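Just so you know, all these numbers are worked out from the coordinates, no wet-lab data involved. Bear in mind that the values here come from a model prediction, so they are computed numbers and not experimental data. So basically every Cβ, Gly included, is an ideal-geometry build from the backbone, and we count neighbours across all protein chains shown.
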Amino acid sequence: MAYITCEDLTLGYDGIVIAEHIRFEVNKGNYLYVVGENGSGKSTLIKTLLHLMEPLSGRISTGDGLKPHEIGYLPQQTAVQKDFPASVWEIVLSGTLSRCGIRPFFQKTEKKIAEENMKSMAVWELRNKCYRNLSGGQQQRVMLARALCATTKMLLLDEPVTGLDPKVTVEFYSMIQELNRRGIAIIMVSHDIKAAVRYASHILHVEKTQSFFGSKEEYLRSDAWKMFQYAGGAEGD
């Protein structure tokens, strides 16, 4: 069974439909890019997958041992988040909260997980530094280490390279590709269609009434891809 299966989803809020008839699944090791025009509902889909919003209709189910709290999430960076006055250690360790249950404190197990992920993302030496004093690339490494504290199975990333310079963007994509090679399933919302074509195993092209889901090869043969190229792609959600 797939990690996540979405059946005939309708996305929206307050009864207003943003997109409908969305169907897709994500299996272990998949790398799914979510693309679409501005306002098509890409970020709304991520919030729905994280149960921060409820679908207007349809069904989301998990399987293959994946539990809802085992999904690591890297949100879009806001100005407030970038200026957050906490240490790197505090931020990464907070990613283990879902493992603590009702315990109001962290044990050696959570601290070890945080340490391992900081070392994996090459931010261990920054652990005592204030997050807001880091560069954009360093901040994204810290947030990725935090997301990995919650999961060994699936990461959701919402426009993760926005605001990063080209060199840091390439390095970030390489990190995500390596995590995917280790077997972590990736769902990435992005307007970077060139990256989608390069890295994705599958693509979900979100539209209001007729979304496309399939392998990258199927997408490159589809009308959705032809129309997306003609329209010049998208710039966000």
Practice problem: Specify the residue with the greatest mean-square fluctuation among 24, 212, 84, computed from a Gaussian network of the chain linking alpha-carbon atoms under 10 Å apart. | Solution: 84
Quiz item: When you count, for each residue, the other Cβ atoms within 10 Å and take the mean per peptide, how do 175-186, 12-23, 43-54 rank with the highest first?
Solution: 43-54, 175-186, 12-23
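Give 167/194; 47/167; 47/153 a once-over and call out the pairs whose C-alpha atoms are over 22 Å from each other. Spell out each step's value before the answer.
Values: 167/194 16 Å; 47/167 29 Å; 47/153 18 Å.
Check vs 22 Å cut-off fails for 47/167.
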Quiz item: Counting pairs of Cα atoms in the chain, how many percent are more than 24 Å apart?
Solution: 45
Quiz item: Which value at 222 nm does the chain reach when only helices count, each DSSP H run of 4 or more adding -39,500 (n - 2.57), with the total divided by all residues and rounded to the nearest 500 deg cm²/dmol?
Solution: -10000 deg cm²/dmol
Quiz prompt | Karplus-derived 3J(HN,Hα), 6.51/-1.76/1.60, for each residue of the stretch 30-45, Hz, glycine and proline x | solution = 6, 10, 9, 9, 10, 10, x, 6, 4, x, 6, x, 5, 5, 4, 4
Exercise. In whole Hz, with x marking every Gly and Pro, tabulate ³J(HN,Hα) for the stretch 112-122 from phi via Karplus 6.51 cos²θ - 1.76 cosθ + 1.60, θ = phi - 60°.
Key: 5, 4, 4, 4, 4, 6, 5, 5, 4, 8, 6
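How large is the direction-averaged shadow of the alpha-carbon convex hull of the stretch 78-151, in nm²? All intermediate terms of the calculation are to be shown ahead of the outcome.
Details: hull surface 19.2 nm².
The orientation-averaged projected area of the Cα hull of the stretch 78-151 comes to 4.8 nm².
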Quiz item: Residues with amide H under 5 Å of residue 87's amide H, sequence separation 5 or more or different chain, H placed in the peptide plane at 1.01 Å from N; which?
Solution: 131
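Of all DSSP beta bridges in the chain, what percent run antiparallel (nearest 5)? Don't jump to the answer; show the numbers that get you there.
Working: 17 of 35 bridges.
Antiparallel bridges make up about 50 percent of those DSSP assigns within the chain.
Within the stretch 61-196, what percent of beta bridges assigned by DSSP are antiparallel, to the nearest 5?
Details: 1 of 10 bridges.
Antiparallel bridges make up about 10 percent of those DSSP assigns within the stretch 61-196.
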Quiz item: Near the amide H of residue 13, under 5 Å away, which other amide H atoms are found, from residues 5 or more places off or on another chain, if H is placed in the peptide plane?
Solution: 18
Quiz prompt | Whichever aspartates and glutamates have a C-alpha closer than 15 Å to that of residue 226, once near sequence neighbours (fewer than 8 apart) are set aside | solution = 37, 207, 217, 218
